[in-house]
Amino acid sequence: MNKRFRGWAAVAGFVVGTGAAHATFFGGVDAGALWESNFTGATNGILASSVLMGVYSGYVGAYKGFDKNRGAWVASVNLQANRLRRYSVLDNDIFGGSAGVFHDLGKDASVLATVGGETVRFSNTVRNLAIYMARLHFKEGSQTLWVGETGEYDDARGQAGFNTYRGYSATLAGNWKPIASDVITVSAAHAYDHYDVATASIRTSNAASLGWLQELGHGIYIRAQASREYVHVAGGGSFYTTIYATGLGATF
């Protein structure tokens, strides 16, 4: 399974959940589109095929504070529907949840550690899988300029070896809020996955992204992101792909 099928729901729920540690309940919905230039992973751009995908997601969560509200226990559930204009056989629905702990580290720094899981359902049930994950996120900086570091371990279990993997990812993101309603993000990410197949089992990727989020008021926002990714498959070649994503959402 392509990891980016998990899309915006996990990202939006994670970011907003972190920032909502002073609210009893939080949640949101998001509807967007993702376009990828080399969805089929063609090497050297030969016979590369693009894809346009609709991503529709929502999440809801709650927290309970402790340590004089310097920390909080956090739990959330999320759902997501991915619909491809081509390759509709890969349309899928994701249902998941996570629980963890948030804590203020002082001097404008904080940490959020979570564990969770998701079930991914395809029209072809052979592709179905369950994903178990552990995530650690640090944040340092001010309300105007801050840095986030995220590490995640995934264990995906399915009926087919091509859809079953174990691996990790790491992301470093710089965020700038030039005015009260805008956030600009520059990030770099690395991922390593080992699939349960006899050949070409190791897949690594490196990506750079530029993102923008505009708050429209009353919790409503629009977002856009452009990414360039290099993927290497041991014994199976390497390729580049470009990804554009945009969407409209609301948080509460």
- prompt: For region 37-59, what are the residues that are open to solvent by 50 Å² or more (accessible area, probe 1.4 Å), out of contact with any Phe, Trp or Tyr (no Cβ under 8 Å at 6 or more places or on another chain) and part of a strand (DSSP E or B)?
  reply: 56
message: Suppose the filter is more than 28 Å from residue 184 (Cα to Cα) and either in contact with a helix residue (DSSP H, G or I) (Cβ under 9 Å, 6 or more places away or on another chain) or modelled with pLDDT of 95 or more (or both); does residue 124 pass it?
response: yes
task: Name the strands (runs of 3 or more DSSP E) wholly inside region 60-150 in which the number of residues that are among the hydroxyl-bearing types (Ser, Thr, Tyr) is 3 or more.
output: 109-122
message: Can you tell me which residue is surrounded by the fewest Cβ atoms within 10 Å (Cβ to Cβ) among those in region 176-202 that are in contact with a Gly (Cβ under 7 Å, 6 or more places away or on another chain) and of a type in the set (Phe, Trp, Tyr)?
response: 192
message: From the list 250, 226, exactly one residue is without any contact (Cβ under 8 Å) to a residue 24 or more places away in the chain and surrounded by 14 or more Cβ atoms within 10 Å (Cβ to Cβ). Which is it?
response: 226
message: Considering only residues that are open to solvent by 10 Å² or more (accessible area, probe 1.4 Å) and at pLDDT below 95, which ones fall in region 22-36?
response: 22, 23, 24, 25
Meets criteria (open to solvent by 30 Å² or more (accessible area, probe 1.4 Å), at pLDDT below 95 and in a strand (DSSP E or B)) for residue 157: yes
statement: In region 133-150, anything more than 13 Å from residue 109 (Cβ to Cβ) and surrounded by 14 or more Cβ atoms within 10 Å (Cβ to Cβ) is listed as 133, 134, 135, 136, 150
field: So residue 205, is it surrounded by 14 or more Cβ atoms within 10 Å (Cβ to Cβ) and in contact with an Asp or Glu (Cβ under 6 Å, 6 or more places away or on another chain)
entry: yes
message: Would you confirm, using the coordinates I've provided, whether residue 173 is free of Cβ contacts under 8 Å to residues at least 24 places away in the same chain, surrounded by 13 or more Cβ atoms within 10 Å (Cβ to Cβ) and among the hydrophobic types (A, V, I, L, M, F, W, C)?
response: no
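The values are calculated or read from the model by the stated rules, or taken from the named source; none is laboratory data. Here the structure is a predicted model, which is why all the values come from computation and not from measurement. Virtual Cβ from ideal backbone geometry, glycine too; neighbours counted across all protein chains shown. We work out accessible area using only protein heavy atoms, side chains counted, and drop any ligands, DNA or RNA first. Shrake-Rupley method; radii C 1.70, N 1.55, O 1.52, S 1.80 Å.
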